[in-house]
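One structure below.
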2 protein chains.
Amino acid sequence: MAARNYAEYCGLARALELVGERWGMLVIRELIPGPKRFKDLTQGLRRIPSNVLSARLKEMEQAGVVERRVLPRPSGAVVYELTDYGRELDDVLLKLARWGTRSLGEPRDEDTSSPAALLLGLRSLFRPEHARGLRATYELRLGETVVHARVDDGALEVGEGPADADVTIESDLRLRAVMAGELSPADALRDGAARVQGDEALWERFPELFAI
Amino acid sequence: MAARNYAEYCGLARALELVGERWGMLVIRELIPGPKRFKDLTQGLRRIPSNVLSARLKEMEQAGVVERRVLPRPSGAVVYELTDYGRELDDVLLKLARWGTRSLGEPRDEDTSSPAALLLGLRSLFRPEHARGLRATYELRLGETVVHARVDDGALEVGEGPADADVTIESDLRLRAVMAGELSPADALRDGAARVQGDEALWERFPELFAI
DNA sequence: CTGGATCCCTCACGATACTG
DNA sequence: CAGTATCGTGAGGGATCCAG
């Protein structure tokens, strides 16, 4: 570890040594919503080889970014979670995600999107100033990826899995086009790019709340 | 290019495909102060192989992050500069640098620090609220690395090379210890970790303005 | 001299199989 | 489930070479 060094006395270079190796920041992305098991991580990061995941977790643990914890009995499960230091990267990942989203073209067939990826995307695109006075819970379903988002007057709270929602949106990766303003919510419904259950007005407002 | 894909439909993954490969963000760091020639880049990034630098520049040019430009005659020199899109990463690099600085230990003998690295470090550690009412120009000399910083009532402006400064500080990588509060400015002078010409009170105030 | 391109070697990554 | 073991490939590292 750290064998692959930049040999620069620079905070940025150091940061990249800690979390800049391949898959590193994506592992952190997966851990932002909360502690996860090894298996959960491999499911969120479909293409990561298990030995690489293992290596990254060990390196980041040593770097003080990630903590390995064994749950108390009877569970006994092993989970990984971000340390406080690691969690401070949240803001960086948010900004990087927003920046990179502008270069996201049309989805390819092999593209996947984990719950953690979708949550980061939602948070990175949320516009508090357009959510004034609104209080609503969205449930989003993209294939097997299910997440929810609570908007409360400029504040956003998100989580993996379903929720007791005011509106449930079932869509796919074409959801990006809606958020980019390339496809209107109404057209998305007509094209079958989205199906909505519940308060349909909230769906109309969706691309205003989360805009690329 | 992009053969090394994450196959994830996620802004963060896309960003990492564009600038997350080895040396990528460090090249951007070098370009933040302004356009640079290939040779300048190899000098700022001492350990980068020329073929890797060449590859990163080409990839980032294609990604719309970097622009290759040939200066008008008689210069005819080739320079690389950030596009507007690339410059938007400034804030990300700043935050990553600040985060990583906390994991910077003592400098190793082989460690270097380019002007661009030092400038990013200064900007990332600057505390505007501690610079109220102050107007001063610092010149910093760390070996061959010379930069300057103008503080003007909460605003900071930096640049490579010397300047007409109120105070000139000649130090080395031990400067980090001063900014971390591990070594007082007075002790640094006594230990020979720093030499100061000009307004010595500005040196006393330095670790307050730029703190880890 | 700058601005790279080329060559070769090594090692990290990727794929897969396997174990406690 | 939580990883480790093995092995092939290709990107990165280092040196050299070449064209303008």
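None of the figures in this text is laboratory data; all of them are computed from the coordinates on show. Since the model is a prediction, treat every value here as computed from it, not as a measurement. Neighbour counts are summed over all protein chains in view; Cβ atoms, including those assigned to glycine, are modelled from backbone coordinates with ideal geometry.
Structure notes:
- For chain A, the relative contact order comes to 15 percent (Cα pairs under 8 Å, sequence separation of at least 6).
- The Cβ shell under 12 Å around A:Ala201 holds other residues with a net charge of -4, Lys and Arg each +1, Asp and Glu each -1.
- Global form of region A:109-209, assessed from the alpha-carbon gyration tensor, a/c cut-off 1.5: rounded
- Between 0 and 90 degrees, the angle of helix A:115-125 with respect to the longest Cα principal axis of chain A falls at about 70 degrees.
- Chain A: calculated mean residue ellipticity at 222 nm from DSSP helix runs of at least 4, using -39500 (n - 2.57): -11000 deg cm²/dmol
- Long-range HN-HN contacts of A:Leu183 with modeled amide H, under 5 Å: A:Val178
- Once backbone amide H atoms are built at 1.01 Å from N, A:Val66 has A:Glu61, A:Thr83 as its partners under 5 Å, excluding neighbours fewer than 5 places away on the same chain.
- Mean separation of Cα contacts under 8 Å (6+ apart) over length of region B:109-209, as relative contact order %: 25 percent
- A DSSP coil position with no more than 11 other Cβ atoms inside 10 Å describes the following GluC sites (Glu not before Pro) in region A:76-114: A:Glu110.
- Over region B:11-88, Cα pairs under 8 Å with separation of 6+ residues give a relative contact order of 32 percent.
- Helix B:200-209 vs. chain B, principal-axis angle (Cα, 0 to 90°, nearest 10): 50 degrees
- Cα gyration tensor, region B:47-148 - rounded (a/c under 1.5), prolate or oblate: prolate
- Prolate/oblate/rounded label for region A:1-78 (Cα gyration tensor, a/c 1.5): prolate
- Each other copy holds its own label point for B:Arg127; taking that point as 7 Å from Cα along Cα to Cβ, the gaps run 3.6 nm, nearest first.
- Applying the Karplus relation 6.51 cos²θ - 1.76 cosθ + 1.60 with θ = phi - 60° to region B:135-148 yields 3J(HN,Hα) values of 9, 7, 10, 9, 10, 10, 10, 10, x, 7, 7, 10, 9, 9 Hz, where x marks Gly and Pro.
- Hz values of 3J(HN,Hα) by residue in region B:56-70 - Karplus curve (6.51, -1.76, 1.60), Gly and Pro given as x: 4, 4, 5, 4, 6, 5, 5, 7, x, 9, 10, 10, 9, 9, 9
- Among the residues of B:172-178, the average count of other protein chain beta-carbon atoms within 10 Å of the residue beta-carbon is 1.
- Across region B:87-103, computed HN-Hα scalar couplings (Karplus, 6.51 cos²θ - 1.76 cosθ + 1.60, θ = phi - 60°) run 5, 5, 7, 3, 5, 4, 4, 4, 5, 4, 5, 4, 5, x, 4, 5, 9 Hz from first to last residue, x flagging Gly and Pro.
- Distance from the C-alpha centroid of region B:112-131 to that of region B:1-32: 24 Å, rounded to the whole angstrom.
- Candidates per trypsin sites (Lys or Arg not before Pro) in region B:97-136, loop by DSSP, up to 16 other Cβ within 10 Å: B:Arg102, B:Arg108, B:Arg132
- Euclidean distance between Cα centres, region B:80-99 to region B:150-176, Å: 21 Å
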